[in-house]
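Step one of this worksheet: look at the structure below.
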Amino acid sequence: MKKMLTALAMLAATPAMAADKMTVLLDWFINPDHGPIIVAQEKGYFADQGLEVEIVAPADPSAPPRLVAAGQADLAVSYQPQLHLQIHEGLPLKRVGTLVATPLNCLLVLENGPIKSPADLKDKKIGFSVAGVEEAVLGAVLGKYDVALSDVEMINVNFSLSPSLMSGQVDAVIGAYRNFELNQMDIEGEPGTCFYIEEEGVPSYDELIYVANPETMDAEKVARFLRATELATQYIVNNPVKSWEIFSGTSTELQDELNKRAWVDTLPRFALRPAGFDHGRYARFEAFLKDSGMIDSINPVDAITIDVTAK
(Lines give C-alpha, C1' and ligand atoms only; values in the text may rest on other atoms or scores of the structure.)
Protein backbone atom coordinates (compact mmCIF):
# COMPACT_ATOMS: atom_id res chain seq x y z
CA MET A 1 0.00 0.00 0.00
CA LYS A 2 2.85 2.32 0.92
CA LYS A 3 4.52 1.67 -2.45
CA MET A 4 1.25 2.42 -4.26
CA LEU A 5 0.81 5.72 -2.42
CA THR A 6 4.40 6.67 -3.27
CA ALA A 7 3.82 5.88 -6.94
CA LEU A 8 0.63 7.95 -6.97
CA ALA A 9 2.40 10.84 -5.31
CA MET A 10 5.17 10.73 -7.90
CA LEU A 11 2.60 10.62 -10.71
CA ALA A 12 0.77 13.62 -9.28
CA ALA A 13 4.04 15.53 -9.04
CA THR A 14 4.90 14.87 -12.69
CA PRO A 15 4.04 17.93 -14.81
CA ALA A 16 1.48 17.39 -17.58
CA MET A 17 2.92 17.23 -21.06
CA ALA A 18 2.72 20.63 -22.73
CA ALA A 19 0.25 20.91 -25.59
CA ASP A 20 1.53 21.55 -29.10
CA LYS A 21 0.80 25.12 -30.13
CA MET A 22 -0.85 25.94 -33.44
CA THR A 23 -1.82 29.24 -35.03
CA VAL A 24 -4.81 29.18 -37.38
CA LEU A 25 -5.61 32.25 -39.47
CA LEU A 26 -9.24 32.68 -40.49
CA ASP A 27 -10.30 34.08 -43.86
CA TRP A 28 -12.55 36.73 -42.28
CA PHE A 29 -14.03 37.75 -38.92
CA ILE A 30 -15.55 34.87 -36.97
CA ASN A 31 -18.90 33.79 -38.43
CA PRO A 32 -20.93 30.57 -38.79
CA ASP A 33 -18.63 29.35 -41.59
CA HIS A 34 -16.06 28.73 -38.84
CA GLY A 35 -18.42 26.68 -36.66
CA PRO A 36 -16.32 23.50 -36.39
CA ILE A 37 -13.20 25.44 -35.39
CA ILE A 38 -14.94 27.38 -32.64
CA VAL A 39 -16.91 24.39 -31.35
CA ALA A 40 -13.73 22.27 -31.30
CA GLN A 41 -12.12 24.96 -29.17
CA GLU A 42 -15.09 25.38 -26.83
CA LYS A 43 -15.77 21.64 -26.42
CA GLY A 44 -12.12 20.88 -25.64
CA TYR A 45 -11.55 18.73 -28.71
CA PHE A 46 -8.29 20.51 -29.55
CA ALA A 47 -7.07 20.04 -25.99
CA ASP A 48 -8.01 16.36 -26.18
CA GLN A 49 -5.73 16.09 -29.22
CA GLY A 50 -2.86 17.70 -27.32
CA LEU A 51 -3.22 21.02 -29.13
CA GLU A 52 -3.29 24.62 -27.96
CA VAL A 53 -4.85 26.45 -30.91
CA GLU A 54 -4.70 30.21 -31.38
CA ILE A 55 -7.48 31.38 -33.72
CA VAL A 56 -6.75 34.69 -35.44
CA ALA A 57 -9.14 36.81 -37.52
CA PRO A 58 -7.14 38.75 -40.13
CA ALA A 59 -6.99 42.49 -40.56
CA ASP A 60 -6.49 41.85 -44.30
CA PRO A 61 -8.54 38.90 -45.65
CA SER A 62 -6.04 38.34 -48.48
CA ALA A 63 -3.07 37.95 -46.13
CA PRO A 64 -3.54 34.55 -44.37
CA PRO A 65 -2.38 32.22 -47.19
CA ARG A 66 0.70 34.36 -47.78
CA LEU A 67 1.51 34.43 -44.07
CA VAL A 68 1.27 30.64 -43.95
CA ALA A 69 3.46 30.38 -47.05
CA ALA A 70 6.00 32.56 -45.24
CA GLY A 71 5.95 30.28 -42.20
CA GLN A 72 4.24 32.78 -39.89
CA ALA A 73 1.29 30.50 -39.06
CA ASP A 74 0.50 26.79 -39.24
CA LEU A 75 -2.80 26.90 -41.11
CA ALA A 76 -5.01 29.37 -42.93
CA VAL A 77 -8.65 29.11 -43.86
CA SER A 78 -8.80 29.91 -47.56
CA TYR A 79 -10.69 29.06 -50.77
CA GLN A 80 -10.12 26.25 -53.24
CA PRO A 81 -10.40 28.47 -56.36
CA GLN A 82 -7.81 30.91 -55.00
CA LEU A 83 -5.46 28.08 -53.99
CA HIS A 84 -5.16 26.92 -57.60
CA LEU A 85 -4.07 30.41 -58.65
CA GLN A 86 -1.72 30.90 -55.69
CA ILE A 87 0.13 27.68 -56.46
CA HIS A 88 0.59 28.83 -60.05
CA GLU A 89 1.97 32.09 -58.65
CA GLY A 90 4.63 30.04 -56.88
CA LEU A 91 3.35 30.13 -53.30
CA PRO A 92 4.35 26.99 -51.33
CA LEU A 93 0.84 25.98 -50.30
CA LYS A 94 -1.31 22.85 -50.31
CA ARG A 95 -4.83 22.08 -49.22
CA VAL A 96 -4.64 19.86 -46.12
CA GLY A 97 -8.30 19.83 -45.10
CA THR A 98 -11.80 21.03 -45.93
CA LEU A 99 -14.07 23.21 -43.79
CA VAL A 100 -17.04 23.95 -46.09
CA ALA A 101 -17.40 21.26 -48.75
CA THR A 102 -19.77 22.95 -51.23
CA PRO A 103 -19.76 26.26 -53.07
CA LEU A 104 -21.33 29.15 -51.17
CA ASN A 105 -20.81 31.64 -53.97
CA CYS A 106 -23.79 32.50 -56.13
CA LEU A 107 -24.97 35.01 -58.74
CA LEU A 108 -27.47 37.09 -56.79
CA VAL A 109 -30.33 39.22 -58.12
CA LEU A 110 -33.44 40.83 -56.65
CA GLU A 111 -36.30 38.34 -56.25
CA ASN A 112 -38.84 40.90 -57.46
CA GLY A 113 -36.54 42.48 -60.03
CA PRO A 114 -36.45 42.15 -63.83
CA ILE A 115 -33.68 39.51 -63.93
CA LYS A 116 -35.35 36.10 -64.10
CA SER A 117 -32.48 34.27 -65.79
CA PRO A 118 -28.76 34.92 -66.37
CA ALA A 119 -29.77 35.50 -70.00
CA ASP A 120 -31.44 38.73 -68.86
CA LEU A 121 -28.09 40.17 -67.75
CA LYS A 122 -26.97 41.13 -71.24
CA ASP A 123 -26.09 44.86 -71.26
CA LYS A 124 -26.57 45.00 -67.49
CA LYS A 125 -24.27 45.85 -64.55
CA ILE A 126 -22.79 43.15 -62.32
CA GLY A 127 -21.03 43.93 -59.06
CA PHE A 128 -18.06 42.02 -57.68
CA SER A 129 -15.59 42.25 -54.80
CA VAL A 130 -12.47 40.40 -55.93
CA ALA A 131 -11.27 40.22 -59.52
CA GLY A 132 -9.86 37.01 -60.93
CA VAL A 133 -11.69 33.77 -60.30
CA GLU A 134 -15.03 35.61 -60.15
CA GLU A 135 -14.61 36.56 -63.80
CA ALA A 136 -14.04 32.93 -64.79
CA VAL A 137 -17.05 31.84 -62.75
CA LEU A 138 -19.29 34.56 -64.16
CA GLY A 139 -18.06 33.86 -67.68
CA ALA A 140 -19.07 30.21 -67.33
CA VAL A 141 -22.53 31.05 -66.00
CA LEU A 142 -23.24 33.69 -68.64
CA GLY A 143 -21.76 31.55 -71.39
CA LYS A 144 -24.39 28.90 -70.75
CA TYR A 145 -26.94 31.50 -71.89
CA ASP A 146 -24.90 32.83 -74.85
CA VAL A 147 -23.98 36.01 -72.97
CA ALA A 148 -20.31 37.04 -73.06
CA LEU A 149 -18.41 38.89 -70.35
CA SER A 150 -18.03 41.71 -72.84
CA ASP A 151 -21.84 41.96 -72.93
CA VAL A 152 -21.99 43.08 -69.27
CA GLU A 153 -20.43 45.90 -67.27
CA MET A 154 -18.39 44.68 -64.29
CA ILE A 155 -18.34 47.10 -61.34
CA ASN A 156 -16.10 46.70 -58.29
CA VAL A 157 -18.39 47.33 -55.32
CA ASN A 158 -15.72 46.24 -52.82
CA PHE A 159 -17.49 44.23 -50.13
CA SER A 160 -20.86 46.00 -50.44
CA LEU A 161 -22.46 43.24 -52.48
CA SER A 162 -26.02 43.14 -51.20
CA PRO A 163 -26.20 46.93 -50.50
CA SER A 164 -25.15 47.72 -54.08
CA LEU A 165 -27.82 45.34 -55.39
CA MET A 166 -30.59 46.60 -53.11
CA SER A 167 -29.77 50.24 -53.93
CA GLY A 168 -29.96 49.63 -57.68
CA GLN A 169 -26.30 50.42 -58.29
CA VAL A 170 -26.00 47.07 -60.08
CA ASP A 171 -28.43 44.52 -61.52
CA ALA A 172 -26.69 41.47 -60.02
CA VAL A 173 -23.66 40.57 -57.91
CA ILE A 174 -21.24 37.66 -58.13
CA GLY A 175 -19.43 36.42 -55.04
CA ALA A 176 -22.43 36.71 -52.71
CA TYR A 177 -22.72 33.87 -50.21
CA ARG A 178 -26.01 32.02 -50.23
CA ASN A 179 -25.90 31.52 -46.47
CA PHE A 180 -25.31 35.23 -45.72
CA GLU A 181 -26.37 37.71 -48.38
CA LEU A 182 -29.66 35.90 -49.07
CA ASN A 183 -30.54 36.03 -45.38
CA GLN A 184 -29.34 39.60 -45.01
CA MET A 185 -31.54 40.78 -47.88
CA ASP A 186 -34.57 38.91 -46.59
CA ILE A 187 -34.13 40.41 -43.12
CA GLU A 188 -33.95 43.88 -44.68
CA GLY A 189 -37.14 43.31 -46.65
CA GLU A 190 -35.50 43.06 -50.09
CA PRO A 191 -35.45 39.31 -50.81
CA GLY A 192 -33.00 38.00 -53.37
CA THR A 193 -32.71 35.04 -55.73
CA CYS A 194 -29.53 33.04 -56.16
CA PHE A 195 -28.44 31.36 -59.36
CA TYR A 196 -26.32 28.54 -57.96
CA ILE A 197 -23.08 28.47 -59.92
CA GLU A 198 -22.57 24.71 -59.66
CA GLU A 199 -25.94 24.32 -61.41
CA GLU A 200 -24.96 26.79 -64.11
CA GLY A 201 -21.80 25.32 -65.63
CA VAL A 202 -19.13 25.84 -62.95
CA PRO A 203 -17.45 22.68 -61.57
CA SER A 204 -18.33 22.13 -57.93
CA TYR A 205 -15.55 22.88 -55.45
CA ASP A 206 -14.74 23.21 -51.75
CA GLU A 207 -15.58 26.78 -50.72
CA LEU A 208 -13.46 26.88 -47.57
CA ILE A 209 -10.33 24.83 -47.05
CA TYR A 210 -7.32 24.69 -44.73
CA VAL A 211 -4.00 25.42 -46.41
CA ALA A 212 -0.49 24.81 -45.11
CA ASN A 213 3.08 25.18 -46.30
CA PRO A 214 4.04 21.59 -47.24
CA GLU A 215 7.73 22.38 -46.75
CA THR A 216 7.37 23.35 -43.10
CA MET A 217 4.14 21.83 -41.80
CA ASP A 218 3.92 19.13 -39.14
CA ALA A 219 1.56 16.67 -40.87
CA GLU A 220 0.89 14.72 -37.69
CA LYS A 221 -0.10 17.89 -35.83
CA VAL A 222 -2.36 18.97 -38.70
CA ALA A 223 -3.98 15.53 -38.68
CA ARG A 224 -4.81 15.98 -34.99
CA PHE A 225 -6.32 19.39 -35.74
CA LEU A 226 -8.52 17.87 -38.43
CA ARG A 227 -9.56 15.04 -36.11
CA ALA A 228 -10.74 17.62 -33.58
CA THR A 229 -12.73 19.56 -36.19
CA GLU A 230 -14.24 16.30 -37.45
CA LEU A 231 -15.48 15.56 -33.94
CA ALA A 232 -16.81 19.11 -33.69
CA THR A 233 -18.66 18.76 -36.99
CA GLN A 234 -20.25 15.52 -35.83
CA TYR A 235 -21.36 17.28 -32.65
CA ILE A 236 -22.81 20.19 -34.65
CA VAL A 237 -24.78 17.88 -36.96
CA ASN A 238 -26.07 15.83 -34.04
CA ASN A 239 -26.81 18.83 -31.82
CA PRO A 240 -27.66 21.81 -34.06
CA VAL A 241 -29.41 23.87 -31.36
CA LYS A 242 -26.92 23.20 -28.57
CA SER A 243 -23.95 23.78 -30.88
CA TRP A 244 -25.45 27.13 -31.95
CA GLU A 245 -25.69 28.09 -28.28
CA ILE A 246 -22.04 27.14 -27.77
CA PHE A 247 -20.90 28.99 -30.89
CA SER A 248 -22.95 32.16 -30.38
CA GLY A 249 -22.08 32.18 -26.68
CA THR A 250 -18.50 33.13 -27.55
CA SER A 251 -19.46 36.67 -28.64
CA THR A 252 -22.49 38.93 -28.33
CA GLU A 253 -21.82 40.08 -31.91
CA LEU A 254 -22.83 36.62 -33.13
CA GLN A 255 -26.16 36.66 -31.32
CA ASP A 256 -28.36 38.20 -34.01
CA GLU A 257 -30.91 37.01 -36.55
CA LEU A 258 -28.49 37.00 -39.48
CA ASN A 259 -25.95 34.74 -37.81
CA LYS A 260 -28.69 32.48 -36.44
CA ARG A 261 -30.13 31.97 -39.92
CA ALA A 262 -26.67 31.57 -41.46
CA TRP A 263 -25.85 28.88 -38.90
CA VAL A 264 -28.83 26.78 -40.02
CA ASP A 265 -27.98 27.24 -43.72
CA THR A 266 -24.28 26.49 -43.27
CA LEU A 267 -24.63 23.41 -41.08
CA PRO A 268 -25.30 20.87 -43.87
CA ARG A 269 -22.33 22.20 -45.85
CA PHE A 270 -19.58 21.48 -43.31
CA ALA A 271 -17.16 18.77 -44.40
CA LEU A 272 -17.96 15.57 -42.48
CA ARG A 273 -14.52 14.19 -43.41
CA PRO A 274 -12.27 17.27 -43.30
CA ALA A 275 -9.11 15.31 -44.07
CA GLY A 276 -10.62 13.52 -47.09
CA PHE A 277 -10.80 14.97 -50.57
CA ASP A 278 -12.25 14.26 -54.00
CA HIS A 279 -9.37 13.87 -56.48
CA GLY A 280 -11.63 14.55 -59.47
CA ARG A 281 -13.02 17.74 -57.95
CA TYR A 282 -9.55 19.34 -57.83
CA ALA A 283 -8.61 18.05 -61.28
CA ARG A 284 -11.81 19.40 -62.81
CA PHE A 285 -11.43 22.84 -61.28
CA GLU A 286 -7.81 23.07 -62.41
CA ALA A 287 -8.95 22.22 -65.96
CA PHE A 288 -11.77 24.78 -65.66
CA LEU A 289 -9.30 27.54 -64.81
CA LYS A 290 -7.07 26.50 -67.72
CA ASP A 291 -10.00 26.55 -70.14
CA SER A 292 -11.02 29.96 -68.77
CA GLY A 293 -7.56 31.37 -69.47
CA MET A 294 -6.82 31.96 -65.77
CA ILE A 295 -3.78 29.64 -65.77
CA ASP A 296 -1.36 28.56 -68.51
CA SER A 297 -0.74 24.95 -67.47
CA ILE A 298 -2.26 22.08 -65.50
CA ASN A 299 -0.85 21.07 -62.14
CA PRO A 300 -1.34 17.47 -60.98
CA VAL A 301 -3.71 17.05 -58.05
CA ASP A 302 -0.88 15.97 -55.73
CA ALA A 303 0.65 19.41 -56.24
CA ILE A 304 -2.58 21.00 -54.96
CA THR A 305 -3.81 18.83 -52.08
CA ILE A 306 -2.57 16.20 -49.70
CA ASP A 307 -4.05 13.66 -47.29
CA VAL A 308 -2.13 14.28 -44.06
CA THR A 309 -3.67 11.18 -42.49
CA ALA A 310 -2.14 8.82 -45.08
CA LYS A 311 0.59 6.62 -43.66
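The values are calculated or read from the model by the stated rules, or taken from the named source; none is laboratory data. A quick note: this is a predicted structure, and the numbers were derived from the prediction, not measured. Virtual Cβ from ideal backbone geometry, glycine too; neighbours counted across all protein chains shown. Heavy atoms of the whole protein, side chains included, go into the accessibility calculation; ligands, DNA and RNA do not. Shrake-Rupley method; radii C 1.70, N 1.55, O 1.52, S 1.80 Å.
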Entirely in segment 99-196, the strands (runs of 3 or more DSSP E) that have 3 or more residues that are among the aliphatic types (A, V, I, L, M): 105-110, 172-177
Scan Asp296, Asp265 and give me the residue that is in a loop (DSSP other than H, G, I, E, B), among the charged types (D, E, K, R) and either open to solvent by 20 Å² or more (accessible area, probe 1.4 Å) or at pLDDT 95 or above (or both). Asp296
Go through segment 27-47 residue by residue and tally those that are assigned to a helix (DSSP H, G or I), open to solvent by 10 Å² or more (accessible area, probe 1.4 Å) and closer than 22 Å to Asp218 by Cβ. 3
Could you tell me whether segment 188-198 includes any residue that is surrounded by 22 or more Cβ atoms within 10 Å (Cβ to Cβ), at pLDDT 95 or above and polar (S, T, N, Q)? no
Does Asn213 satisfy being open to solvent by 70 Å² or more (accessible area, probe 1.4 Å) and of a type in the set (S, T, N, Q)? no
Of all residues making up segment 236-257, the number that are open to solvent by 40 Å² or more (accessible area, probe 1.4 Å) and assigned to a helix (DSSP H, G or I): 9
Residue satisfying all of: in segment 149-176; of a type in the set (Ser, Thr, Tyr) and open to solvent by 40 Å² or more (accessible area, probe 1.4 Å); nearest to the chain's Cα centre (by Cα) among these: Ser160
Check Pro274 against each of (1) in a helix (DSSP H, G or I); (2) open to solvent by less than 20 Å² (accessible area, probe 1.4 Å); (3) not small (Gly, Ala, Ser) and name the one condition it does not meet. (1)
If you check Ala47 against the conditions, is it modelled with pLDDT of 95 or more, touching a strand residue (DSSP E or B) at 6+ places or on another chain (Cβ under 8 Å) and among the aliphatic types (A, V, I, L, M)? no
Please tell me if Leu267 is touching a helix residue (DSSP H, G or I) at 6+ places or on another chain (Cβ under 8 Å) and either more than 30 Å from Ala131 (Cβ to Cβ) or of a type in the set (Phe, Trp, Tyr) (or both). yes
Look at segment 48-62 and say how many of its residues are over 25 Å from Arg269 (Cβ atoms) and open to solvent by less than 70 Å² (accessible area, probe 1.4 Å). 1
